[in-house]
Amino acid sequence: MENMIEEMNKIKWYHRISINGVMTAGANYELQNSLDTLPLPKDLTGKSVLDIGCWDGYYSFECEKRNAKRVVANDKYMWEKESSFWSKDQGFDFAHKHLNSKVEKVISSVEDLEQKDLGTFDYVLMLCVVCLSKNPVQYIEIARNLCSGTLILELHVDMLDIPYPAAKYYTGNHGNDEINDYWGMNPLAVQSIMEDLGFTNISHKIIDPGNRAIFSGDIIR
């Protein structure tokens, strides 16, 4: 156990994951700390899940704990880029090993994900990913193509007082070690994109601290 903890503490974590009764030293991430905010069943028996942009894999491992029959964890940017505040894929690999996980690891950019022949999934999670893309519509469309059930998005929102679909582009340095949003869309814009892509039963809710939102929608194939 001491060796495990020593190895764990050398990793720069973002997600807080309980491993053999020991919690990793991740960030105080509001969404993770209130997991019930996601419209995700507590029992995923018989369901498949794709977690796009999973980072340390907290949600992937949580879906596995909820008895999903198949979970695929995807990332590339976080797993291949060393940073001053994250350790590539070391966190995911450490948790995967010590949780005896069967989650499938797929290294791929979002743009290339469809070429992996993964099939489609009952649930597709894309949390804190869309707002980081220069092409948010493309990202949502790729998620749609991999979804045969429910898509769950979590993203930064802006322009909440505008009564029509609108988005703000954030200028600045997107090439440093920090993770910066390119876009802040309002809920009407996100909902309109999802409608145009064929989603039904679309819903959303604003979450703390008030500039983020969770969307869900169903696709029928």
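Can you flag which of Lys47/Lys97; Lys76/Lys102; Lys105/Lys168 are past 30 Å Cα-Cα?
Beyond 30 Å: Lys105/Lys168.
Rank the residues Thr24, Thr45 as a footprinting-exposure proxy: fewest other Cβ atoms within 10 Å of their Cβ go first.
Fewest to most other Cβ atoms nearby, the residues stand as Thr45, Thr24.
When a/c is below 1.5 the answer is rounded, else prolate if a/b is larger than b/c, else oblate, so apply that to region 64-221 with a ≥ b ≥ c taken from the square roots of the Cα gyration tensor eigenvalues.
oblate
For the chain, give the magnitude of the charge dipole about the Cα centre (Cβ charges: +1 Lys/Arg, -1 Asp/Glu; no others), in debye to the nearest 20.
Dipole magnitude for the chain comes out near 420 debye.
May I ask what percent, to the nearest 5, of DSSP beta bridges between residues of the chain are antiparallel?
50
Output the peptides 140-150, 100-110 sorted from most to least packed, where packing is the average of other Cβ atoms within 10 Å over each peptide's residues.
140-150, 100-110
Please order His98, His15 by the number of other Cβ within 10 Å, starting at the fewest. Walk me through the numbers before you get to the answer.
On the way: His98 15, His15 21.
Ascending number of Cβ neighbours within 10 Å: His98, His15.
Compute the distance in nm between two label points, each set 7 Å from the Cα along the Cα-to-Cβ direction, one at Lys69 and one at Glu114.
2.6
Can you grab the distance from the C-alpha centre of region 1-69 to the C-alpha centre of region 102-134, Å, no decimals?
With region 1-69 and region 102-134 each reduced to a Cα centre, they are spaced 17 Å.
Straight-line reach from Lys205: which aspartates and glutamates have a Cα under 19 Å away, not including same-chain ones fewer than 8 places off?
Here the aspartates and glutamates satisfying the reach criterion relative to Lys205 are Glu30, Asp36, Glu154, Asp158, Asp161, Glu195, Asp218.
Once the Cβ-Cβ distance between Asn145 and Tyr77 is put in as r, and R0 is 30 Å, what FRET efficiency do you end up with, to the nearest 0.05? Walk me through the numbers before you get to the answer.
Numbers: r = 20 Å, r/R0 = 0.67.
E between Asn145 and Tyr77, to the nearest 0.05, is 0.90.
Here, each number is a calculation from the coordinates, and none is a lab measurement. Because the structure is a prediction, the values reported are computed rather than measured. Here Cβ is always computed from backbone atoms with ideal geometry, including for glycine, and neighbour counts include all displayed protein chains.
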